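S.K.: Supplied in structure tokens, the structure appears directly below.
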Ligand SMILES: Nc1nc2c(ncn2[C@@H]2O[C@H](COP(=O)(O)OP(=O)(O)OP(=O)(O)O)[C@@H](O)[C@H]2O)c(=O)[nH]1
Ligand SMILES: [Mg+2]
């Protein structure tokens, strides 16, 4: 299953613009509050240095793309409606959005860094809104929703935790695994809230809240996107945001600039590889005045000051740094680096760090894992046991008695 990344944030922060720039879909964007009414999912790509140059071969990618030596690996992105106060109680379809957000592997929390959204979500002059308060409001909704879910399940968790061999963390995992909560998250959250020694049935409201706050942090890695960096006041606010949220990864972006570049690239007007710090005009004579001035603006305002639009960097950071995914290339023939149809380096899989040869085999095909013997490390020719822990950019040939489909 591909990685799932959810876009959350206050209305008008620019979530749909970012989503469109990542997926080249056409979700509705407007300067009215609450434009997006229901979650929409699309495919974006994360980028990793392809191994084909190192092996001096020409590749024939199948499940991904290779451009100028970069592998583009698909991930799933979901655009969500803007969160409003009281969403956790079900306001404005809050429950539905929050449960979709909670099913993501990680979140991109978008704020309008220019501060051009007022407290009701209306667009105003840059510099008047408060992105730090916006972030805190949405985070609070999310935590209150986790707390509500947890509180509703207290009797169930209590009962389960007393089952022989269980305990609280396992019970919490069993009840909340649908939203990505695992045993180790519950263990860490209990430690933070100093609840390790306290009987579950005697946790008070405050302790439950503090436990749920930590549980949300551990179970749902989140990157803060400081968007609209092309507008005035954004640079000042970005500095404040970074100082305020030291433990968080904060990435400055301009979703609008990325969208303009990606659409111009799709039309063949420019050459632009997402994440690179430049673009080239391919057909200057075909640009109309509006396109010409938009591109000049981007070159001056976005690439000039921040070196990139930040969108690809945000996707890569959430995948490789926060979720700690590794890109692994399985091949059938370790000499030719090909699959059974002769395609060279056809596929790349993303697996979280700590995954083994056995996990990779299972991801490729459930049959492959049944007769799994070992894997061959294509770089060294060494045989790797089934419990070998994969590293980023490993190229492996899996050997199994089962027929690979
Ligand atoms: N200058 C600038 N404007 C942007 C940027 N991203 C979005 N906008 C504008 O901000 C407004 C809101 O953008 P949307 O993408 O619809 O925001 P949203 O977060 O999806 O809003 P909801 O669906 O209501 O939650 C639109 O007028 C966009 O054109 C950006 O990077 N720079
Ligand atoms: Mg939207």
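S.K.: Does region 308-318 include one or more residues that are over 30 Å from residue 386 (Cβ atoms), crowded, with 17+ Cβ neighbours inside 10 Å and free of Cβ contacts under 8 Å to residues at least 40 places away in the same chain?
M.R.: yes
S.K.: Could you check residue 233 against (1) assigned by TED's automatic domain parsing to the domain that holds residue 185; (2) within 16 Å of ligand 1 (Cβ to nearest atom); (3) within 25 Å of the chain's Cα centre (by Cα) and say which number it fails?
M.R.: (3)
S.K.: If I filter region 51-82 down to residues being within 16 Å of ligand 2 (Cβ to nearest atom) and in contact with a strand residue (DSSP E or B) (Cβ under 6 Å, 6 or more places away or on another chain), which single residue comes out as farthest from residue 314 (Cα to Cα)? Break it down stepwise before answering.
M.R.: Filtering region 51-82 for residues within 16 Å of ligand 2 (Cβ to nearest atom) gives 77-82.
Now narrow it down to the ones that are in contact with a strand residue (DSSP E or B) (Cβ under 6 Å, 6 or more places away or on another chain): 77-80.
Values: 77: 12, 78: 15, 79: 15, 80: 17 Å.
That would be 80.
S.K.: With region 1-101 as the region, which strands (runs of 3 or more DSSP E) entirely inside it contain at least 1 residues that are within 16 Å of ligand 1 (Cβ to nearest atom)?
M.R.: 4-9, 40-49, 70-79
S.K.: Pull out all pairs, ordered by first then second residue, where Cβ-Cβ is under 8 Å, the residues are six or more apart or on different chains, the first lies in region 236-264 and is under 18 Å from residue 287 (Cα atoms), and the second is part of a helix (DSSP H, G or I) and away from ligand 1 (no atom under 16 Å from the Cβ).
M.R.: Filtered contacts from region 236-264: 264/291.
S.K.: Within 22 Å of residue 393 (Cβ to Cβ) and modelled with pLDDT under 95: which single residue out of 68, 59 fits that description?
M.R.: The match here is 68.
S.K.: Right, next: Name the residue that is nearest to ligand 2 (Cβ to nearest atom), counting only residues in region 18-36 that are more than 16 Å from residue 122 (Cα to Cα) and surrounded by fewer than 16 Cβ atoms within 10 Å (Cβ to Cβ).
M.R.: Checked region 18-36; the qualifying residue nearest to ligand 2 (Cβ to nearest atom) is 28.
S.K.: Taking the condition surrounded by 23 or more Cβ atoms within 10 Å (Cβ to Cβ), in contact (Cβ under 8 Å) with a residue 40 or more places away in the chain, touching a helix residue (DSSP H, G or I) at 6+ places or on another chain (Cβ under 9 Å) and on the phi > 0 side of the Ramachandran plot, does residue 127 pass?
M.R.: So residue 127 fails the test.
S.K.: Please pick out the residue among 198, 228, 220 that is within 30 Å of residue 139 (Cβ to Cβ), surrounded by fewer than 20 Cβ atoms within 10 Å (Cβ to Cβ) and assigned by TED's automatic domain parsing to the domain that holds residue 15.
M.R.: Of 198, 228, 220, the one residue that is within 30 Å of residue 139 (Cβ to Cβ), surrounded by fewer than 20 Cβ atoms within 10 Å (Cβ to Cβ) and assigned by TED's automatic domain parsing to the domain that holds residue 15 is 198.
S.K.: State the number of residues belonging to region 198-244 that are out of contact with any helix residue (DSSP H, G or I) (no Cβ under 7 Å at 6 or more places or on another chain), closer than 18 Å to residue 98 by Cβ and either modelled with pLDDT under 95 or part of a helix (DSSP H, G or I) (or both).
M.R.: Here the count works out to 1.
S.K.: Look at residue 175 and say whether it is within 16 Å of ligand 1 (Cβ to nearest atom) and either more than 28 Å from residue 253 (Cβ to Cβ) or in contact (Cβ under 8 Å) with a residue 24 or more places away in the chain (or both).
M.R.: When the stated conditions are applied, residue 175 does not pass them.
The values are calculated or read from the model by the stated rules, or taken from the named source; none is laboratory data. Everything quoted here is computed from the prediction, not taken from an experiment. Methodologically, a virtual Cβ is constructed for each residue, glycine included, from the backbone with ideal geometry; neighbour enumeration extends over all protein chains shown.
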